[in-house]
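For reference, the structure discussed in these notes is given below.
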Amino acid sequence: MKSFTYERAGNPAEAAASAMRRPDVKFIAGGTNLLDLMKLEIETPAHLIDVNGLSLDKIEPTAEGGLRVGALVRNTDLAADSRVRRDYGVLSRALLAGASGQLRNKATTAGNLLQRTRCPYFYDTNQPCNKRRPGSGCAAIGGFSRQHAVVGASDACIATHPSDMAVAMRALDAAVETVRPDGATRTIPIAEFHHLPGSTPHVETALSPGELITAVTLPKPAGGTHIYRKVRDRASYAFALVSVAAIVQRDGTGRVALGGVAHKPWRIESADSQLPRGAKAVMAQLLSGAKPTRENAFKLALAERTLGAVLTAAKG
Amino acid sequence: MQGPSDFELSRRKLLLGTAASVAFSTAPPMANAQTPSTLAQAADVPMSKVSFNVNGKPRELVLDTRTTLLDALREHLHLTGSKKGCDHGQCGACTVIVGGRRINSCLTLAVMHEGDEIQTIEGLGTPENLHPMQAAFVKHDGYQCGYCTPGQICSAVAVLDEIKAGIPSHVSADLNVPAQLTNAELRERMSGNICRCGAYSNIAEAITEVAGRQA
C-alpha cells in the first residue's frame, strides 16, 4: 500500500472542500472496497478523508412519503430497518444477498453505489485495463469473460457493476443527493448516476471531483410484491452471475432491473411495460442489442429464466 | 529392536540443531533491529495517533496511517489470536467485534477506530475460563487446524446477537417476522468465515448448542 496522509472530516461541505485542496484525495467510509484496492495499489490516494464522523447515518421519512437514507447508513442497518423491510422489501433482499455479515456491518449506502468492478483483469495490475490505466487496452475482451457484461458494454470495457443494492435502488427509482466543494447540493436520479463504459470506462459515475454523496432518497412506496433473485456460483457470499430486482403489482404490471449483466444496474423503462406478457417479452426489449461473448452467452437464457421464476413467485 | 527413544533423541537433536542455527543466523540483524516506529519515522511516513479500548483496556498507539486494525492488534498489541488469512476480506479469519458488531479487521484502518470498543478472541474467554462458544467449539470439534477458529468464534458470538436484534438474513423466509434459529440461518450468516479444513457441520452444531442454551 502506498503511504497517505489522513484526516477526519467535520462536516460534509468541509469534506468536499478539503478534497479539492490536495491532489489524489479519496473519501473513506466503510473502506471495505477502497482498502482492498489500496493494498493491491489499484487505488493509490495520497490523502484520505475519513467521513465516518459526519452525521449521515440516519434513515428519515421525506415530505413526499419516502425515505432519506444517509450516505453512512451501514448495509446491515438499511436491510434491517423496519420501514425498508415493510415497504422496500426488494432493497432489504438485495442487501442481504450481497457480501458477508462482516462486510455488511461496515459497508455504507454511498460506498456500495461507488464500489468498483470485480473484473479479474481490473484487479491484476500486470494486465492492460482501460478502467485502471486509460488507453492500455482491455484484457477481458478475448480473455476469460464468464462473469462479464452482455449488454451496454463497449470495445474498451466489458466489466460489470458488482452491487446488488444498486440494482434494487434502480428498480425503486432512488435518487442520489450530493454536496460539491463549493457547497452546492444536487440530486442525481439513480438512472443517471452510473455511466456506461463507452470510450471512458474509468469515468464510472456522474460525480464531479470532490463531490460527496450525502444521502440516497427512496420515493413513496410502490406497493406490490418485492423480489430480489440472485443467481451465483455459491449459495452465499459470491457476486451475481445474474440478478433480478422486481416489483410486481397484482395486475401483473411492475418494474424490473437486472444485475450482473452490464456496467450499471440494467433497467429499460419500456421493457417494464412488457411484464404482463411474461419474461420472454420483457427480455426481448431489456436485452435487445446484447453482445455476449462465447463464455457468457448463458447469461441471456439465465436472465430470462430467472425473471420467469420471479414472475411465477410473484403470483404466489 | 530399536527403542523409540533412539528416534526421539535423534529427532530432538536435529530440531535443537536447527533452532540453534536459526537463532545464530538471525542474531546479528536482531541486534540492529529498529522498532517499526523508528523505521517509519526514518522514512518520513505519515503517522497518526489513535486511542481505543481493546478487551476493556485503554490503548494508545502512534501508527503508520496504513496500519490495518488487524496489524495493530497483532503486531503492535501482540494480540495474535486474530488471524491474517487472505488480508482482503474474503476469508473471515480476522473477524473481531467492534462496538458490538463483527467486522473484518483486515479491511479497516486502525486510525479509523478512535474511541471504539474492540473485542478480540482474547477478550471473549481464557484457557481457564472459556466463553461458552469456545467451550462448544472444543466439545463439538469445530476445527481441525484451528487457523480460522478465532474468527469463526467471534463471528458466531456476533451472529447470535444479530439474530436476537432481529436482523434478517438472505434465507429468512419472511422479512417481517423474527428470524428463526435454523441450521440454514446459521450457515448463511456464517458464510463470511471460510474453513479450509471443512469443519462446517461441527461449527454449526457448536453454535446451535450455545444458541439453545441462550434461548
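If you check B:Met112 against the conditions, is it part of a helix (DSSP H, G or I), within 13 Å of another protein chain (Cβ to nearest Cβ) and buried (at least 23 other Cβ atoms within 10 Å of the Cβ)?
yes
For residues in region A:121-158 being basic (Lys, Arg) and in contact (Cβ under 8 Å) with a residue 60 or more places away in the chain, which is farthest from A:Leu241 (Cα to Cα)?
A:Arg132
If B:Pro132 meets every condition in (1) surrounded by 14 or more Cβ atoms within 10 Å (Cβ to Cβ); (2) within 14 Å of chain A (Cβ to nearest Cβ); (3) touching a helix residue (DSSP H, G or I) at 6+ places or on another chain (Cβ under 7 Å) apart from one, which number is that one?
Only one criterion is unmet by B:Pro132, namely (2).
Out of A:Thr225, A:Thr187, A:Thr205, report the one residue that is polar (S, T, N, Q), surrounded by 16 or more Cβ atoms within 10 Å (Cβ to Cβ) and within 19 Å of the chain's Cα centre (by Cα).
Step by step, each of A:Thr225, A:Thr187, A:Thr205 is checked, and only A:Thr205 is polar (S, T, N, Q), surrounded by 16 or more Cβ atoms within 10 Å (Cβ to Cβ) and within 19 Å of the chain's Cα centre (by Cα).
Quick one: which of A:Gly30, A:Gly53 is within 13 Å of chain B (Cβ to nearest Cβ), assigned to a loop (DSSP other than H, G, I, E, B) and under 17 Å from the mean Cα position of the chain (by Cα)?
The match here is A:Gly30.
Restricting to region A:116-131, give me the number of residues that are assigned to a loop (DSSP other than H, G, I, E, B) and open to solvent by 30 Å² or more (accessible area, probe 1.4 Å).
Counting residues in region A:116-131 that are assigned to a loop (DSSP other than H, G, I, E, B) and open to solvent by 30 Å² or more (accessible area, probe 1.4 Å) gives 7.
Quick one: which of A:Gly183, A:Gly152 is over 30 Å from A:Glu60 (Cβ atoms) and either touching a helix residue (DSSP H, G or I) at 6+ places or on another chain (Cβ under 6 Å) or not aromatic (Phe, Trp, Tyr) (or both)?
Exactly one of A:Gly183, A:Gly152 is over 30 Å from A:Glu60 (Cβ atoms) and either touching a helix residue (DSSP H, G or I) at 6+ places or on another chain (Cβ under 6 Å) or not aromatic (Phe, Trp, Tyr) (or both), namely A:Gly152.
Can you tell which of A:Arg93, A:Arg86, A:Arg74 is at the interface with another protein chain (Cβ under 9 Å from one of its Cβ atoms), of a type in the set (Lys, Arg) and surrounded by fewer than 20 Cβ atoms within 10 Å (Cβ to Cβ)?
A:Arg86
Given the conditions (1) farther than 21 Å from A:Arg104 by Cβ; (2) open to solvent by 10 Å² or more (accessible area, probe 1.4 Å); (3) at the interface with another protein chain (Cβ under 9 Å from one of its Cβ atoms), and given that B:Arg101 satisfies all but one, which numbered condition is not satisfied?
The single condition B:Arg101 does not satisfy is (1).
Which residue is least open to solvent (accessible area, probe 1.4 Å), if the candidates are limited to region A:2-27 and must be under 30 Å from A:Asn126 (Cα atoms) and in a loop (DSSP other than H, G, I, E, B)?
A:Phe4
Out of all the residues in region B:163-200, which are open to solvent by 70 Å² or more (accessible area, probe 1.4 Å), more than 9 Å from every other protein chain (Cβ to nearest Cβ) and under 25 Å from the mean Cα position of the chain (by Cα)?
B:Lys164, B:Leu181, B:Asn183, B:Arg196, B:Tyr200
Specify the residue that is nearest to the other protein chains (Cβ to nearest Cβ); the eligible residues are those in region B:67-91 that are open to solvent by 20 Å² or more (accessible area, probe 1.4 Å) and part of a helix (DSSP H, G or I).
B:Asp71
The values are calculated or read from the model by the stated rules, or taken from the named source; none is laboratory data. A quick note: this is a predicted structure, and the numbers were derived from the prediction, not measured. Please note: Cβ atoms are built from the backbone with ideal geometry, for glycine as well, and neighbour counts cover all protein chains shown. Protein only, heavy atoms only, side chains kept; ligands, DNA and RNA dropped before computing areas. Shrake-Rupley method; radii C 1.70, N 1.55, O 1.52, S 1.80 Å.
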